[in-house]
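A quick write-up on the structure given underneath.
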Amino acid sequence: MNMFCRAMTIGLSFAIAAIPLTTFAQDRNGDYYKAPRDGRNEDYYMRAWLVVDPTPLNCRRAPGSKNPVVRQFAKGKVIFAEIGESGKLNPIVNDEQDKPWLRVTMEGDLCYVRANSQYIRPNGPGSH
């Protein structure tokens, strides 16, 4: 590899590593929640999520397991976090029991799925 190619590869690696891809975090129970704002890219969240629940995943009218089911998603389905009116993603909200839920928009429907690694996982760059 010549010197120019090596320098470009190193530069590109640093540039990619410096891009914050998500600002969500996960606790030891598998719950996703809003990460503390760091001032750099505080309004960007992972948009695409993969359904990993082996049973159909309920998407509810509002956060909380007592709310009516609007639709269901099968394992392997990619779902998308809802973009707020300001164009910023802020999809994690908590229910009355302080459990996090992901606000989802699919084919015009707005609903909520439990934001836990038992049910969904980030899908895309920076995913684990």
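Tabulated results
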item: Placed amide H near Asp95: partners under 5 Å, 5+ positions off or other chain; result: Trp101
item: Net charge of neighbours whose Cβ lies under 12 Å from the Cβ of Phe80, counting Lys and Arg as +1 and Asp and Glu as -1; result: 0
item: 9 Å beta-carbon shell around Val69, net charge (K/R +1, D/E -1); result: +3
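Every number in this text was worked out from the coordinates using simple rules, so none of it is lab data. Given the structure is predicted, the values throughout are model-derived calculations rather than measurements. Every residue, glycine as well, gets a Cβ built from its backbone with ideal geometry; the counts of neighbours run over all protein chains shown.
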